[in-house]
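Report on the structure given below.
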Amino acid sequence: MNRLVVQLPGLSLKNPVMPASGCFGFGREYAKFYDLSVLGAIMIKATTLEARFGNPTPRVAETPSGMLNAIGLQNPGLEKVMEEELPWLAQYDVPIIANVAGSTMEDYVEVAKHISKAPNVHALELNISCPNVKKGGIAFGTVPEVAAELTKLVKEVSEVPVYVKLSPNVTNIVEMAKAIEEAGADGLTMINTLLGMRIDIKTAEPILANRTGGLSGPAIKPIAIRMIYEVSQAVSIPIIGMGGIQSAEDVIEFFYAGASAVAVGTANFVDPFVCPNIIAELPALLDELGFAHISECTGRSWKKGGSTIYCGA
Amino acid sequence: MKEQMTIVRHEQLAKQIYELTLSGSLVQTMNEPGQFVHVKVAEYAPLLRRPLSLCDINKEAGECTMIYRAEGAGTTLLAKKRPGETIDVLGPLGNGFPVEAAKAGQRALLVGGGIGVPPLYELAKQFVNSGVSVTTVLGFQTKEVVFYEQKFLTYGETYVATVDGSYGTKGFVTDVINERALSFDVLYACGPKPMLKALEQQFPQKEVYLSLEERMGCGVGACFACVCHVPNSETAYKKVCSDGPVFKAGEVVL
């Protein structure tokens, strides 16, 4: 028995660790460091209908234990991704999760319809949570009715299961998750970045050209853990967890919170080998913790029933 | 491509300017002047690596030297590290200066501005070893941040300009080039964008190579933080870290 194998809608993963969208390009850069086939899956960079340059630079700013980015969904567009990036990735034995973005609902539907036909795309990740574009992105991820409608429309055209990437920039993430589940989503991925900002103390100007950006990295891990903990108890579809993961221990913590697989984002920028290293370290950690299979860890923080939170007590 | 390298020497050269020499097996993979290493200064904070361009590659000794300005949180922390300590280094990364563009018997003009000076040193060394004559023009803000003038002098004629006139010619590197009517076959430059722009505009007929500085995330081309536009296109781009940092003049929009 392989103790890391995980089965999710559309995804048969040899292990539950994958690079997060926007942190791995289309894989070419990291293929210079290691064989991409060791990964559980790859969440490729958000794809829009037309090519996009994205935002002006500076696009990144460092923060305590994290970073802000405002890339702005730069990508070569659907056609190039279909004709060049996905066929190139097909040389690796790894399922692809295609992150789909757009400015209008029609954009999302169009991209989803086509990209879900690619043979190595095993699932879609609906990006309704990018905080760095003026139109679309997070605008679809902050009102439950809108997110639900978009999910329905995409489900109608997609040939593979649809996961929806949740934004933490909402008042009630459980309500959002439930609306999306009810609309027919096959799974959730969470969390996207938190909207943040930094200002240069010499010039009093925002450091990012876009002024605001998405906060990622270890700084947001406790927020991701809390949100997955809440959402996983309220829905019955699986969650791919992300937000500041940089070690095998972090992976287990996400599973305990309620995740069934995880994605590693910012840590790839710090250490290109972080994903294969985590995958290699997981079996020993499972031994240490006394688990035969990693799936036993999912939701353990609340399934045991010993973790009730008493608000205001 | 990634190694814990050991600090062999770490000295202050000028105000806020430090020279860091590391030893390790990665040095044997370092060849191109203009390439950089991506350095993890601390285990937890700051989170991201810092790109430092290669200033000197010494394969016999198994050592490489970088020069940086201690300014932000990361480089200030780096400046406190002492010989014997180790540093997590990723690299060499990026595409360096095309050394072969200048042929034996030709003259290369090397122009550096501020903390853009270091990569030109390894370049000058490789040129002199391959029979290319070198003229160097170095520009700094003020006298107290001038470094490596003597080192460049061992490879050829070297001129220094300071913006405030406290050392060398008062003004910019272009003032030195114009006043002395410096002639050359190929030009190589590294420094702030206004300097690179001025050089690109002044020598449209010449073969010019420019090394860009840009705020980077990953340093390997994955995060799309350090992109720049390509002429005559809305969506085409180059990444400074992995397509550059050295570009032929005109290849990208400065």
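Read-outs: derived from the displayed coordinates by stated rules, not from any lab. The model shown is predicted, which means the values in this text are computed figures rather than measured ones. Neighbour counts are summed over all protein chains in view; Cβ atoms, including those assigned to glycine, are modelled from backbone coordinates with ideal geometry.
How high is the relative contact order of the stretch B:2-93, in percent, with contacts defined as C-alpha pairs under 8 Å that are six or more residues apart?
This gives 40 percent for the stretch B:2-93.
For the stretch A:161-232, just the Cα atoms, rotate onto the principal axes and tell me the three extents in Å, largest first.
On the principal axes, the stretch A:161-232 reaches 49, 22, 21 Å in Cα extent.
What's the exposure ranking of A:H122, A:H293, going from fewest to most Cβ atoms within 10 Å?
Ordered by Cβ neighbours within 10 Å, fewest first: A:H293, A:H122.
To the nearest 20 debye, what is the magnitude of the charge dipole of the stretch A:109-243 about its Cα centre, counting +1 on the Cβ of each Lys and Arg and -1 on the Cβ of each Asp and Glu?
460
If you stretched the chain out fully between B:E43 and B:M1, how much longer would it get, using 0.36 nm times the residue separation minus the C-alpha to C-alpha distance?
Length gained, B:E43 through B:M1: 13.3 nm.
Based on a Kirkwood Rh over C-alpha pairs, give the Stokes-Einstein translational diffusion coefficient of chain B at 20 °C and viscosity 1.002 mPa s in µm²/s.
117
Can you put A:W302, A:W88 in order of Cβ neighbours within 10 angstrom, beginning with the fewest?
Lowest to highest Cβ neighbour count: A:W88, A:W302.
So what are the radius of gyration and Dmax for the Cα set of the stretch A:1-156, in Å?
15.8, 49
Calculate the radius of gyration of the Cα atoms of the stretch A:97-175 to one decimal place, then report Dmax, the largest Cα-Cα distance, as a whole number, both in Å.
Spelled out, the Cα radius of gyration and Dmax of the stretch A:97-175 are 11.8, 38 Å.
Show the residues, 5+ positions off or on another chain, whose built amide H is closer than 5 Å to the amide H of B:Y159.
Those lying under 5 Å, H to H, from B:Y159 are B:T136, B:V137, B:L138.
Of A:C275, A:C23, A:C130, which has the largest mean-square fluctuation in a 10 Å C-alpha GNM of chain A?
A:C23
Go ahead and run the numbers for FRET between B:K143 and B:K59, Cβ-Cβ distance against an R0 of 35 Å, rounding to 0.05.
Taking R0 as 35 Å, the efficiency between B:K143 and B:K59 is 0.55.
Normalising by the residue count of chain A, find the relative contact order in percent from Cα pairs under 8 Å and 6+ residues apart.
18
Out of every Cα pair in chain A, what percent are spaced more than 38 Å from each other?
Here the tail beyond 38 Å accounts for 8 percent of pairs.
Going by average Cβ density within 10 Å per residue, which order do the peptides B:207-218, B:79-90 take, highest to lowest?
Packing proxy ranking, top to bottom: B:207-218, B:79-90.
Could you list the square roots of 5 times each eigenvalue of the Cα gyration tensor of the stretch B:154-254, that is, the equivalent ellipsoid semi-axes, sorted largest first and rounded to whole Å?
Semi-axes (√(5λ), whole Å): 29, 16, 12.
Taking the Cβ of B:V145 as the centre, find all other residues whose Cβ is under 9 Å away and add up their charges (Lys, Arg: +1; Asp, Glu: -1).
+2
Which whole-number percentage describes the relative contact order of the stretch A:165-250, with Cα contacts under 8 Å and a sequence gap of 6 or more?
35
Among B:A42, B:P83, B:L13, whose Cα projects farthest towards the positive end of the dipole of the stretch B:2-93, with charges put on the beta-carbon of Lys, Arg (+1) and Asp, Glu (-1)?
Towards the positive end, the residue furthest out is B:A42.
In nm², what is the average projected area of the convex hull enclosing the Cα atoms of the protein assembly as shown?
27.7
Using the Cα atoms as the points, what is the convex hull volume per residue of the stretch B:2-93 in Å³?
Measuring per residue, one finds 85 Å³ for the Cα hull of the stretch B:2-93.
Which value results when the Cα radius of gyration for the stretch B:43-148 is divided by 2.2 N^0.38 Å?
1.22
Just to be sure I follow: if Rg is taken over the C-alpha atoms of the stretch B:99-211 and Rh is the Kirkwood radius over the same atoms, what is Rg/Rh?
0.93
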